[in-house]
Amino acid sequence: MAPGRIAILGATSTVARALAACYAREGQDLLLCGRSLPEAEKVAQDLSLRYGIAAEACLFDPDLPDYPQVLWRLEGGPPLQGVVWAIGTMSAAAGEAGPDDIRQTTWVNFGAAVAAIEGLLPAVHAKGFIVLLSSVAGERGRRKNYVYGAAKAALTTYGQGLNHRLAGRGPRVTVVQLGVVDSQMTWGMAGGPSGAAPEKVAKAIIRAVRAGRGRVHVPAVWGPIMLLLRLLPEPVFNRLQV
Amino acid sequence: MHEAGRTLEIAGWGHAMRRRAEVLRPEQQSRLSEALEGFGIARGLGRAYGDAALSEGRVWQTTRLTRMLSLTPEGVLTAEAGVSLGDIVRTFLPRGWTLPVTPGTQWVTLGGAVASDVHGKNHHAAGTFGQHVKELVLLTAEGQLRRISPEHQSEIFWATVGGMGLTGVIVEVTIQLAPAETGYLSVDYVRSGGLEETLEWFSGHDRRYPYTVAWIDGLKEGQGLGRAVLMGGRVTASRELGAGEARYPMPRGAVRVPFDFPPGSLSLPVGRAFNAVYYGMHKPRENVREPWWKFFYPLDVADEWFRLYGRRGFAQYQGVYPPEIGLGEIRALLRRIHAAHHANFLGVLKRMGPPSPGLLSFPREGLTLALDLPVQGEGTLRLFRDLYAMTADYGGRVYLAKDAFLTREMFRRMYPNWEAFMAVKAKVDPRGMFRSLLSERIGLGEVR
Ligand SMILES: Cc1cc2nc3c(=O)[nH]c(=O)nc-3n(C[C@H](O)[C@H](O)[C@H](O)COP(=O)(O)OP(=O)(O)OC[C@H]3O[C@@H](n4cnc5c(N)ncnc54)[C@H](O)[C@@H]3O)c2cc1C
Ligand SMILES: NC(=O)c1ccc[n+]([C@@H]2O[C@H](COP(=O)([O-])OP(=O)(O)OC[C@H]3O[C@@H](n4cnc5c(N)ncnc54)[C@H](OP(=O)(O)O)[C@@H]3O)[C@@H](O)[C@H]2O)c1
């Protein structure tokens, strides 16, 4: 393991909190960045109290995007061991989204990620890692969430490209294609399945990062499910209520 | 921003009462405030037996508000209300701190423990959970976060401690933890042959121990009626441990009871056999060393054991009676239960200490008796009505966290402080935002 902290962007996300807890349990120090400083501070307090690590909270607003704020925290210290991008939003409902919703959804899920990761890259240890939380929604556009899906597809492609660029001489990039997770994001979705437990998801992500996987489905069953969905001919797919 | 909920059927722990509700499960305090609309009730881990955490409206579930915020060198812990007691023990016992008071299951939240002002095996020595709370952060109907304590806004504080969620949603709890020399208890087991002997033990012998309880055989009739296994425990001193023995042991995972057993799996013969075996198993012994989870949480070895009672579920009777109530009255209660032919597993009997200042807090000085009973239709209703009437006649009361049958009139007889409580509620929740099926049933919803 490289020294240095792991920075988590979107630290108040359900999945991010579970990931942060797994890392903290191993004694890993953390930089927890979120759009609400009081809430990010509570996450930091929790992890340092439970696991005795140093956890610092930091404001991060993708609208600015504030990665210089994050960089500033790193000055004088060792490079980051890793960066996790956990930010994502499904705010634009398909068919009803106005220009602002669309701009917001594509920017928060994709543009802001690129801006932040590119900006932070120089601060990441060459033997470190970058994790991008993407989605199975990006693998085949569906009527319910294709704006979000398209932005996540772009994020996945960005991660692949970055992985290619850095291969052998920079941090490893892992794109995580998440299936349904029982989180803040999915709780309010009518009729949705309850999804995988965040703790299990976090463990699977860490395993994939350690194994140096460029792309991974979490939970793993989503690999074959999405393969099948991608292969379905259009006339069949279009009749599906998915 | 609008917080989205999920419509779910939820139940009390006895699973005899169920209701569809819009459940919100915020993971951040700011989201909880945004979710405060309409009317409803807070809910923790749903360990209340009846309908205390059920509502026709919204349910604000705290199970993801689980951040621990600080621990002072003196052992004062501040944590979010959704943190479970089990989580606290696992986190802080290795540092020498434990819960000052704990109920018979570790899977309750801090918020739930305060709202029911729970008691434990050390009630006679340590009082209720709420008596160790130093401060609460309460989200009230107008969306304000209030810091309340025994010193500051004490009226609201003592209406909230034991207040069954009816003053608002508890968001943070600050509590004085107790030092723990080890994670073991040294337990004396005494067997009593009948009720007289059982009560004799509680007339003084129990004072020798910080932790006491009797597991009473609720099905034994005749001579052995009220026979019990009496337990007195104290925290084991570290010098009593062997060299190389872990000072703070930790359990492994729980066994699941995987599906709904058919109704009646817990029949009378099974119940009798179980009680007899349990009684027979516990030979009188002294100074038996047990790890904390076996002593405090014997029922937690199987999660979801309520499933043993099948689809119709079960209910618990728990009453507490004034100090002058004893042999005759307890015997009468047990006989009434026998007459109803309801199976039951292990009743609990204990002598409680002085009451807490919580206006609706259950414990008071005297004996308390608790028994789980399967719900078998009309007969069960009649049984509970009778037990409640007897309890009220004795000058006692039943525990709201266990209740499913109390009427408004009976509640007012048992809880003479109800008017004082309603006066505080009228101030903090004038429009009656916080309402549960329990509060509607016992007339605590009607704010004027
Ligand atoms: C096996 C078992 C053993 C038990 N043993 C004991 C015992 O020995 N002693 C004892 O005293 N009790 C005992 N109980 C009862 C249990 O301790 C209480 O019912 C407790 O309140 C449950 O906590 P919870 O988090 O599950 O709350 P819930 O059951 O979800 O809610 C209970 C009440 O607390 C309120 N509430 C919950 N969270 C909040 C909050 N954040 N803010 C405001 N109000 C809130 C709810 O509105 C409701 O009125 C036992 C229960 C079981 C299942
Ligand atoms: N849950 C799933 O089923 C699922 C499936 C596929 C992919 N994913 C992806 O996994 C990641 C983590 O999601 P999650 O399940 O943990 O849900 P989550 O808790 O809602 O996480 C989303 C994160 O994005 C942040 N965020 C959203 N909109 C933002 C904005 N406009 N500005 C700044 N931050 C914003 C949220 O901040 P706040 O905490 O302040 O709200 C939160 O930290 C996301 O990228 C999500 O798209 C999730």
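The values are calculated or read from the model by the stated rules, or taken from the named source; none is laboratory data. What you see is a predicted model; the values in this text were computed from it and never measured. Neighbour counts run over all protein chains shown; Cβ positions are idealised from the backbone, glycine included.
When you scan the stretch B:94-104, do you find a residue that is buried (at least 19 other Cβ atoms within 10 Å of the Cβ), assigned to a strand (DSSP E or B) and at pLDDT 95 or above, even just one? Spell out the reasoning first.
Filtering the stretch B:94-104 for residues buried (at least 19 other Cβ atoms within 10 Å of the Cβ) gives B:97-103.
Filter once more, so that each one left must be assigned to a strand (DSSP E or B): B:97-98.
So of that shortlist, the ones also at pLDDT 95 or above come out as B:97-98.
Within the stretch B:94-104 (the criterion being buried (at least 19 other Cβ atoms within 10 Å of the Cβ), assigned to a strand (DSSP E or B) and at pLDDT 95 or above), the answer is yes, since at least one residue qualifies.
Just give me the residues in the stretch B:67-118 being within 13 Å of chain A (Cβ to nearest Cβ) and of a type in the set (D, E, K, R), in sequence order.
B:Arg67, B:Glu80, B:Asp87, B:Arg90, B:Arg95, listed by residue number.
Grab the helices (runs of 4 or more DSSP H) fully contained in the stretch B:264-380, keeping just those with 2 or more residues being within 30 Å of B:Thr160 (Cβ to Cβ).
Working: elements: B:268-281, B:292-296, B:327-339.
Helices (runs of 4 or more DSSP H) meeting the threshold: B:292-296.
Could you list, in sequence order, all residues of the stretch A:190-239 that are buried (at least 16 other Cβ atoms within 10 Å of the Cβ) and within 14 Å of another protein chain (Cβ to nearest Cβ)?
Matches in the stretch A:190-239: A:Gly195, A:Pro198.
Tell me yes or no: at least one residue of the stretch B:335-351 is under 16 Å from B:Asp217 (Cα atoms), out of contact with any Gly (no Cβ under 9 Å at 6 or more places or on another chain) and small (Gly, Ala, Ser).
First, pick out the residues of the stretch B:335-351 that are under 16 Å from B:Asp217 (Cα atoms): B:335-350.
Going one step further and asking which of them are out of contact with any Gly (no Cβ under 9 Å at 6 or more places or on another chain), we end up with B:335-336, B:339, B:350.
From what is left, the residues that are small (Gly, Ala, Ser) are B:339.
Looking through the stretch B:335-351, at least one residue is under 16 Å from B:Asp217 (Cα atoms), out of contact with any Gly (no Cβ under 9 Å at 6 or more places or on another chain) and small (Gly, Ala, Ser).
Take the conditions under 30 Å from B:Leu8 (Cβ atoms) and either within 11 Å of chain A (Cβ to nearest Cβ) or more than 16 Å from ligand 2 (Cβ to nearest atom) (or both) and apply them to B:Thr62. Does it pass? So that I can check it myself, show each step before the final result.
On the way: under 30 Å from B:Leu8 (Cβ atoms): yes; either within 11 Å of chain A (Cβ to nearest Cβ) or more than 16 Å from ligand 2 (Cβ to nearest atom) (or both): yes.
In short, yes.
Any idea how many residues of the stretch B:415-441 are buried (at least 22 other Cβ atoms within 10 Å of the Cβ) and part of a helix (DSSP H, G or I)?
4
Name the strands (runs of 3 or more DSSP E) wholly within the stretch B:6-54 that hold at least 3 residues that are away from every other protein chain (no Cβ under 14 Å), at pLDDT 95 or above and buried (at least 24 other Cβ atoms within 10 Å of the Cβ)?
Working: elements: B:6-11, B:18-24, B:40-43.
Per the criteria, B:40-43.
Among the residues of the stretch B:30-58, write down those that are touching a Leu at 6+ places or on another chain (Cβ under 7 Å) and under 13 Å from B:Val169 (Cβ atoms).
Residues satisfying the conditions are B:Leu32, B:Ser33, B:Ala35, B:Leu36, B:Ser55, B:Arg58.
Quick one: is B:Val83 in contact with a His (Cβ under 8 Å, 6 or more places away or on another chain) and within 12 Å of ligand 1 (Cβ to nearest atom)?
On the way: in contact with a His (Cβ under 8 Å, 6 or more places away or on another chain): no; within 12 Å of ligand 1 (Cβ to nearest atom): yes.
No; evaluated as a whole, the condition is false for this residue.
Output yes when any residue across the stretch B:189-207 is outside any strand (DSSP E or B), under 29 Å from B:Thr72 (Cβ atoms) and not hydrophobic (A, V, I, L, M, F, W, C), and no when none is. Give the steps one after another, and end with the answer.
Keep residues of the stretch B:189-207 that are outside any strand (DSSP E or B), which gives B:193-207.
Within this subset, residues satisfying the condition of being under 29 Å from B:Thr72 (Cβ atoms) are none.
Within the stretch B:189-207, none of the residues are outside any strand (DSSP E or B), under 29 Å from B:Thr72 (Cβ atoms) and not hydrophobic (A, V, I, L, M, F, W, C).
Every residue in the stretch A:15-28 that is out of contact with any strand residue (DSSP E or B) (no Cβ under 9 Å at 6 or more places or on another chain), more than 11 Å from chain B (Cβ to nearest Cβ) and under 19 Å from B:Leu71 (Cβ atoms), please.
A:Arg25, A:Gly27
Any idea how many residues of the stretch A:1-55 are of a type in the set (A, V, I, L, M) and touching a Gly at 6+ places or on another chain (Cβ under 7 Å)?
Taking the stretch A:1-55 first, the residues of a type in the set (A, V, I, L, M) are A:1-2, A:6-9, A:11, A:15-16, A:18-21, A:24, A:30-32, A:37, A:40, A:43-44, A:47, A:49, A:53-55.
Still in the list and also touching a Gly at 6+ places or on another chain (Cβ under 7 Å): A:2, A:6, A:11, A:16, A:40, A:53.
Total satisfying the criteria: 6.
What tally of residues in the stretch B:279-306 results from selecting those that are within 13 Å of ligand 1 (Cβ to nearest atom) and out of contact with any helix residue (DSSP H, G or I) (no Cβ under 7 Å at 6 or more places or on another chain)?
9
State yes or no: is A:Val181 within 20 Å of A:Arg213 (Cβ to Cβ), within 14 Å of another protein chain (Cβ to nearest Cβ) and away from ligand 1 (no atom under 16 Å from the Cβ)?
Yes, satisfied.
Test each condition in (1) under 20 Å from A:Ala20 (Cα atoms); (2) crowded, with 20+ Cβ neighbours inside 10 Å for A:Tyr148 and report the one that comes out false.
Of everything listed in (1) under 20 Å from A:Ala20 (Cα atoms); (2) crowded, with 20+ Cβ neighbours inside 10 Å, A:Tyr148 misses just condition (1).
Between a residue in the stretch B:113-133 that is on the phi > 0 side of the Ramachandran plot and any residue that is surrounded by 23 or more Cβ atoms within 10 Å (Cβ to Cβ) and aliphatic (A, V, I, L, M), which pairs come within a Cβ distance under 6 Å, given they are 6 or more apart or on different chains?
These pairs meet every condition: B:Asp117/B:Val161.
What are the residues in the stretch A:36-64 that are charged (D, E, K, R) and either touching a strand residue (DSSP E or B) at 6+ places or on another chain (Cβ under 7 Å) or at the interface with chain B (Cβ under 9 Å from one of its Cβ atoms) (or both), if any? Steps first, please.
Going through the stretch A:36-64, the residues charged (D, E, K, R) turn out to be A:39, A:41-42, A:46, A:50, A:56, A:61, A:63.
Within the stretch A:36-64, A:Glu39, A:Glu41, A:Lys42, A:Asp46, A:Arg50, A:Glu56 qualify.
Only residues that are farther than 17 Å from B:Ile175 by Cα and within 13 Å of the chain's Cα centre (by Cα): list them for the stretch B:104-149, please.
If the condition is that a residue be farther than 17 Å from B:Ile175 by Cα and within 13 Å of the chain's Cα centre (by Cα), then B:Gly104, B:Thr105, B:Trp107, B:Lys121 are the ones that fit.
B:Leu195 passes all but one of (1) hydrophobic (A, V, I, L, M, F, W, C); (2) over 30 Å from B:Pro249 (Cβ atoms); (3) under 22 Å from the mean Cα position of the chain (by Cα); which number fails?
So the condition that B:Leu195 fails would be (3).
Test A:Leu31 against the criterion of being away from ligand 1 (no atom under 16 Å from the Cβ), in contact with a strand residue (DSSP E or B) (Cβ under 9 Å, 6 or more places away or on another chain), within 18 Å of A:Leu132 (Cα to Cα) and not in a helix (DSSP H, G or I), and give yes or no. Step through it out loud before you land on a result.
On the way: away from ligand 1 (no atom under 16 Å from the Cβ): yes; in contact with a strand residue (DSSP E or B) (Cβ under 9 Å, 6 or more places away or on another chain): yes; within 18 Å of A:Leu132 (Cα to Cα): yes; not in a helix (DSSP H, G or I): yes.
Yes; evaluated as a whole, the condition is true for this residue.
Taking the stretch B:24-59 only, how many residues are of a type in the set (Gly, Ala, Ser) and within 13 Å of ligand 2 (Cβ to nearest atom)? Talk me through it step by step, then tell me what you get.
First, pick out the residues of the stretch B:24-59 that are of a type in the set (Gly, Ala, Ser): B:30, B:33, B:35, B:38, B:40, B:42, B:44, B:46, B:48, B:50, B:52-53, B:55, B:57.
Retained after the next criterion (residues that are within 13 Å of ligand 2 (Cβ to nearest atom)): B:30.
Matching residues across the stretch B:24-59 total 1.
Against the conditions (1) near ligand 1 (Cβ under 9 Å from one of its atoms); (2) within 23 Å of B:Ala42 (Cα to Cα); (3) of a type in the set (A, V, I, L, M), where does B:Ala141 fall short? Just the number, please.
(1)
Please go through (1) within 15 Å of ligand 2 (Cβ to nearest atom); (2) of a type in the set (A, V, I, L, M); (3) under 26 Å from A:Pro79 (Cβ atoms); (4) without any contact (Cβ under 8 Å) to a residue 40 or more places away in the chain for A:Met189 and return the number of the only condition it doesn't satisfy.
(3)
Residues of the stretch A:177-224 being among the hydrophobic types (A, V, I, L, M, F, W, C), in a helix (DSSP H, G or I) and modelled with pLDDT under 95, which ones?
A:Met185, A:Trp187 - these are the residues of the stretch A:177-224 that are among the hydrophobic types (A, V, I, L, M, F, W, C), in a helix (DSSP H, G or I) and modelled with pLDDT under 95.
In a loop (DSSP other than H, G, I, E, B), free of Cβ contacts under 8 Å to residues at least 60 places away in the same chain, surrounded by 15 or more Cβ atoms within 10 Å (Cβ to Cβ) and among the acidic types (Asp, Glu) - does that describe any residue in the stretch A:64-86?
So far as the stretch A:64-86 goes, yes, one or more of its residues are in a loop (DSSP other than H, G, I, E, B), free of Cβ contacts under 8 Å to residues at least 60 places away in the same chain, surrounded by 15 or more Cβ atoms within 10 Å (Cβ to Cβ) and among the acidic types (Asp, Glu).
Is it the case that A:Ser134 is hydroxyl-bearing (Ser, Thr, Tyr), within 14 Å of chain B (Cβ to nearest Cβ) and away from ligand 1 (no atom under 16 Å from the Cβ)? Spell out the reasoning first.
Values: hydroxyl-bearing (Ser, Thr, Tyr): yes; within 14 Å of chain B (Cβ to nearest Cβ): no; away from ligand 1 (no atom under 16 Å from the Cβ): yes.
The answer is no for A:Ser134.
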